[in-house]
1. Go through (1) among the hydrophobic types (A, V, I, L, M, F, W, C); (2) surrounded by 12 or more Cβ atoms within 10 Å (Cβ to Cβ); (3) more than 18 Å from the chain's Cα centre (by Cα) and name the single condition ALA80 misses.
2. For the range 83-95, which residues satisfy the criterion of being surrounded by 11 or more Cβ atoms within 10 Å (Cβ to Cβ) and within 17 Å of MET118 (Cβ to Cβ)?
3. Of the residues ASP65, ASP84, ASP61, ASP146, which is farther than 25 Å from ASN38 by Cα and out of contact with any Gly (no Cβ under 9 Å at 6 or more places or on another chain)?
4. Taking only pairs six or more apart or across chains, which ones have beta-carbon atoms under 9 Å, a first residue in the range 171-182 that is modelled with pLDDT of 95 or more, and a second residue that is charged (D, E, K, R)?
5. Does the range 123-138 contain any residue that is modelled with pLDDT under 95, farther than 12 Å from PHE40 by Cβ and either open to solvent by 40 Å² or more (accessible area, probe 1.4 Å) or of a type in the set (A, V, I, L, M) (or both)?
6. Of all residues in the range 140-172, which are within 17 Å of LEU44 (Cβ to Cβ), surrounded by 15 or more Cβ atoms within 10 Å (Cβ to Cβ) and not polar (S, T, N, Q)?
7. For the range 36-60, which positions are within 29 Å of LYS178 (Cβ to Cβ), open to solvent by 30 Å² or more (accessible area, probe 1.4 Å) and modelled with pLDDT of 95 or more?
Amino acid sequence: MRTKFFILAIVLVGIFSSCKNEKSVDSLEVVQPEVVDNAFKVTLNVTVKKDDTFSLYYTEDGSTDFTKSPPLWMVVKGNASQQDVVFSLPQDVIPTQLRLDFGMNKDQEPIVINSFQMNYFKNEFKIPGNQFFIYFDPDITKTIFDKTTATVSAVIKDGVRQSPSFYPNANPLGNEIKKIVR
């Protein structure tokens, strides 16, 4: 009988002593997996004084036919300070050319492009606003662009403000896109 009692006592001590070493759920370290953002991003740092909507068009086939993919629209809150307008292309979309439209607000004041940037994974291409014209050409029927101040203004035609837009200067822009997606 003593042997059975002794075995039972050892088993109970083992059970209760093993519980003392358990950690509470609150004390466990949470390990977060690293999230890799593989979206191609275009960032405009601009000064836009009134609320507006910008759009980014892109192609994936090297052409400048921007009707093949729907544009990305971004609401921009008016502010006298610089702000980033970030367009994230859909996952797994690698553009070959880009077109930018600078707003539809009929009362918009001139917009200043402070910088232009493209990112893909950890690769980056960034230029100051006064070099924007090297990579983009204004649609002169709708856009007035001062290269020295990087200021975008709308053409007024028959009393109606046009929406300023910029088309790619195909070789320089396409070459920079290729460099960052390699």
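The values are calculated or read from the model by the stated rules, or taken from the named source; none is laboratory data. Predicted model, so just to flag it, every value in this text is computed and none were measured. Note that we place each Cβ from the backbone using ideal geometry, even for glycine, and neighbour counts take in every protein chain shown. Surface areas here come from the heavy atoms of the whole protein model, side chains and all, with no ligands, DNA or RNA. Shrake-Rupley method; radii C 1.70, N 1.55, O 1.52, S 1.80 Å.
1. If we test ALA80 against (1) among the hydrophobic types (A, V, I, L, M, F, W, C); (2) surrounded by 12 or more Cβ atoms within 10 Å (Cβ to Cβ); (3) more than 18 Å from the chain's Cα centre (by Cα), just (2) comes out false.
2. Passing the criteria: ASP84, VAL85, VAL86, PHE87, SER88, LEU89, PRO90, VAL93, ILE94, PRO95.
3. Residue meeting the stated conditions: ASP146.
4. ILE180/GLU124
5. Checked against the condition, which is being modelled with pLDDT under 95, farther than 12 Å from PHE40 by Cβ and either open to solvent by 40 Å² or more (accessible area, probe 1.4 Å) or of a type in the set (A, V, I, L, M) (or both), the range 123-138 yields no hits at all.
6. PHE145, ALA150, VAL152, ALA154, PRO164, PHE166, TYR167, PRO168
7. Result: LYS41, TYR57, GLU60.
Condition check ((1) part of a strand (DSSP E or B); (2) more than 22 Å from the chain's Cα centre (by Cα); (3) more than 24 Å from PHE121 (Cβ to Cβ)) across all residues:
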position: THR141; (1), (2), (3): no, yes, yes
position: ILE144; (1), (2), (3): yes, yes, yes
position: THR149; (1), (2), (3): no, yes, yes
position: SER153; (1), (2), (3): yes, yes, yes
position: TYR167; (1), (2), (3): yes, no, yes
position: PRO172; (1), (2), (3): no, no, no
position: GLU176; (1), (2), (3): no, no, no
position: ILE180; (1), (2), (3): no, no, no
